[in-house]
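This is the structure I have questions about; it appears just below.
The values are calculated or read from the model by the stated rules, or taken from the named source; none is laboratory data. This is a predicted model, so every value here is computed, not measured. Note: ideal-geometry Cβ built from the backbone for every residue, glycine included; neighbour counts use all protein chains shown.
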Amino acid sequence: MPRAGSGSSVASPLVEKVTHYLQTHARWGVLEYVFWLAAVATIFVLPGRHLILTEIAWLGLFALSLDLILGYAGIISLGHAAFFGVGSYVAALLAKHAIVNEPVLALVVSGLAAAVLGFATSFLVLRGSDLARLMVTLGVALIMREIANQIPEITGGADGLQGVIMGPILGMFGFDIFGHVGYVYCLGVLFILFLIARRIVHSPFGLSLRAVKGNSLRSALVGISVNSRLIAVYTLAAFYAGVAGALLAQTTAFASLDVFSFERSADLLLVLIIGGTGYLYGGLIGAVIFKLMQDWIASLTPQYWQFWIGLVLVVIVLIGRERIGLATGFVRGLAGRLFRRMAPGVKPVTVAEGH
Amino acid sequence: MPVALETVVLEKHFGGLAAVNGVSLAIEKGARHALIGPNGAGKTTVINLLTGVLQPSSGRILLAGHDITALESHKRVRLGLARTFQINQLFLDFTPLETIGLAISERMGTGAQWWRLPGSKPVLTEELVELLERFHLTDVMFERTGNLAYGKQRLLEIALAIACRPHVLLLDEPAAGVPEDERHEILATVAALPADVTVLLIEHDMDIVFSFADRISVLVNGALFTEGAPEEVGRDPRVKAVYLGESLNA
């Protein structure tokens, strides 16, 4: 008995149009190709800048992690360094005690360790206002830092974890002193995790996250289990942050208390706001701008770095919108137009339209 | 007829105020039941209790005989209880296409899939298009919901509830704020609901109530005042007094 499936019936033009739209709107825009080709080009074109580019790569991944919860689920955090720090220490400890010698495997283990902490603390951010979430996440990071400080026999305490010797990547490529291998490694990890994140935010799960962010009351009333979605994305973001922290530890062969610091979490928020939330490239672009600006200003006037970054922050927020997610409406609007609409439904907001 | 939705001595207190005061309501399967009453009678609070937006102070809620009093909102939706809001609760940054797609996807249990791309399920797409057509939303399906005309938003509000394929649908003033000449579009979609869907309608417009409902409950000061067939309630001088009293005070 032949099955009378959709194959035999002729779909209406409208169904075809919608199907076509749904299947193609998440395709790569031209500028996305340009972005990643440029990133790959830096490997060959800027060999002398690989150390700072490495920092940009893991910072970009760290900011991408924050974007997953802030840009897509509306969870604001001032303690994302908690996960970064766990990933960092776990990676350093795995290498130091030769538990896992292969960096890629150690990276995954570090990410998973951070994800466990993310899952455990996700229950604290389910409810409450933005302010409550800021305080809770900040508190978790402070607690993690103090725990690391109180167990110097494991973490090295205030001196940091020294004597870390990294094995070669995949057993073949050893880290070199100029950071060439380290940069290619970080960029590769960033690209793979970016691809996964991009796929996820375009999935039905990603759509439901944006629904929760937009209107959590109505989300529950169309059958979305709001809490389980938030727990899932918070855990995922913690994994990403842990991997970013592990990249730092692996490329510097060092971990210190400052991976948990408040400044790290606060800077991260800044990075993401500079680049814009909710389209995945914000964290990456923000990391490039932040690091280059930091490098440039620091070389001009080292002592005034904080002043300039503070000024930039104030200007961004004033020019943009009162809402933090839209604070970089200009950048987002521009990027949104250039990249087409990578996050469907997230309309690029132009400054002129503001209220 | 079996009872689709029932409340047993439902109460909700806000501080000292009894917003809902011992309401026992039984809505038969397939009914077109209207809940009317003057402003502040507690109609929307009842809907909020039924859908789990608020927790009752005491009393029970039964959906097809199952106690759902302690159930979370999203689980009630999955059991077939959907609602619309008096004031639109939409995803303003979504397009109507995404909005309806989201609801269908959640109903089909695929909403948590994180690796599949949308548009890969023909069944979903066909239903999506069918709903958009039925609610006259195809011409604006790629536009941002926040930019739509109010009447279109109102249609989307109802379409979103229908996309959950409810057994019991709670409509909180579906035509509220819609200009007279656009109302028929909304009311026609409500009237065209399948007969086996049970509908509880909150409405102020008595023309709509009497043309739609086969049963009417009157809520006054949080308590059930009277209940009956439309002609009985329409004749009841006490109901008239309640409404006249309100309009005199207003």
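So, in region B:56-79, of the ones that are part of a loop (DSSP other than H, G, I, E, B) and out of contact with any Pro (no Cβ under 9 Å at 6 or more places or on another chain), which residue ends up nearest to the other protein chains (Cβ to nearest Cβ)? So that I can check it myself, show each step before the final result.
We begin by selecting, within region B:56-79, every residue part of a loop (DSSP other than H, G, I, E, B); these are B:56-57, B:64-65, B:68-72, B:79.
This time we only want the ones that are out of contact with any Pro (no Cβ under 9 Å at 6 or more places or on another chain), so: B:56-57, B:68, B:70-72, B:79.
Numbers: B:P56: 17, B:S57: 21, B:I68: 14, B:A70: 15, B:L71: 11, B:E72: 7, B:L79: 10 Å.
Ranking the candidates gives B:E72 first.
Tally up the residues in region A:150-198 that are assigned to a helix (DSSP H, G or I) and within 26 Å of the chain's Cα centre (by Cα), please. Write out each step before concluding.
So the first thing to find is which residues in region A:150-198 are assigned to a helix (DSSP H, G or I), and the list is A:150, A:152-155, A:157-159, A:180-198.
Narrowing further to those that are within 26 Å of the chain's Cα centre (by Cα): A:155, A:180-198.
Residues that pass the stated criteria total 20.
Within region B:33-55, can you find the residues that are surrounded by fewer than 21 Cβ atoms within 10 Å (Cβ to Cβ) and either closer than 16 Å to B:N221 by Cα or away from chain A (no Cβ under 11 Å) (or both)? Even if it seems obvious, please write down each step before you answer.
We begin by selecting, within region B:33-55, every residue surrounded by fewer than 21 Cβ atoms within 10 Å (Cβ to Cβ); these are B:38-40, B:44, B:53-55.
Scanning region B:33-55 gives B:P38, B:N39, B:G40, B:T44, B:L54, B:Q55.
A further question follows. Checking B:A175 against (1) among the small types (G, A, S); (2) at pLDDT below 95; (3) surrounded by fewer than 21 Cβ atoms within 10 Å (Cβ to Cβ), only one condition comes out false. Which one?
(3)
Then there's this: Tell me the residue from A:S299, A:S225 that is more than 25 Å from A:A141 (Cβ to Cβ), within 12 Å of chain B (Cβ to nearest Cβ) and over 20 Å from the mean Cα position of the chain (by Cα), please. Lay out the reasoning, then the answer.
Working: A:S299 fails: within 12 Å of chain B (Cβ to nearest Cβ).
Exactly one residue qualifies, and that residue is A:S225.
With (1) in contact with a Cys (Cβ under 7 Å, 6 or more places away or on another chain); (2) under 30 Å from B:S73 (Cβ atoms) as the list, and A:T251 as the residue in question, which single condition is left unmet?
In the conditions (1) in contact with a Cys (Cβ under 7 Å, 6 or more places away or on another chain); (2) under 30 Å from B:S73 (Cβ atoms), A:T251 misses (2) alone.
Of all residues being out of contact with any strand residue (DSSP E or B) (no Cβ under 7 Å at 6 or more places or on another chain) and either β-branched (V, I, T) or in a loop (DSSP other than H, G, I, E, B) (or both) in region B:206-220, which is surrounded by the fewest Cβ atoms within 10 Å (Cβ to Cβ)? Just the residue, please. Walk me through it before giving the result.
First pass over region B:206-220, keeping only residues out of contact with any strand residue (DSSP E or B) (no Cβ under 7 Å at 6 or more places or on another chain): B:206-208, B:210-211, B:220.
From the residues that got through so far, the ones that are either β-branched (V, I, T) or in a loop (DSSP other than H, G, I, E, B) (or both) too are B:208, B:220.
Details: B:I208: 19, B:V220: 21.
Only one residue fits best here, namely B:I208.
Each row is one residue, and each column tells you yes or no for (1) outside any strand (DSSP E or B); (2) at pLDDT 95 or above.
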| site | (1), (2) |
| --- | --- |
| B:P166 | yes, yes |
| B:L170 | no, yes |
| B:D181 | yes, no |
| B:I186 | yes, no |
| B:L193 | yes, no |
| B:L201 | no, yes |
| B:H204 | yes, no |
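Can you run down the residue pairs with Cβ atoms below 6 Å, 6 or more apart or on separate chains, where the first is in region A:11-27 and at the interface with chain B (Cβ under 7 Å from one of its Cβ atoms) and in contact (Cβ under 8 Å) with a residue 40 or more places away in the chain and the partner is of a type outside the set (K, R) and surrounded by 16 or more Cβ atoms within 10 Å (Cβ to Cβ)?
A:A26/A:H202
Another one. Take the conditions within 11 Å of chain A (Cβ to nearest Cβ) and either in contact with an Asp or Glu (Cβ under 7 Å, 6 or more places away or on another chain) or under 18 Å from B:T189 (Cα atoms) (or both) and apply them to B:L132. Does it pass?
Values: within 11 Å of chain A (Cβ to nearest Cβ): yes; either in contact with an Asp or Glu (Cβ under 7 Å, 6 or more places away or on another chain) or under 18 Å from B:T189 (Cα atoms) (or both): yes.
It is true that B:L132 is within 11 Å of chain A (Cβ to nearest Cβ) and either in contact with an Asp or Glu (Cβ under 7 Å, 6 or more places away or on another chain) or under 18 Å from B:T189 (Cα atoms) (or both).
Suppose we keep only residues that are more than 7 Å from every other protein chain (Cβ to nearest Cβ) and not in a loop (DSSP other than H, G, I, E, B) within region B:98-129. Which one would you say is surrounded by the fewest Cβ atoms within 10 Å (Cβ to Cβ)?
Once the filter is applied, the top-ranked residue is B:V123.
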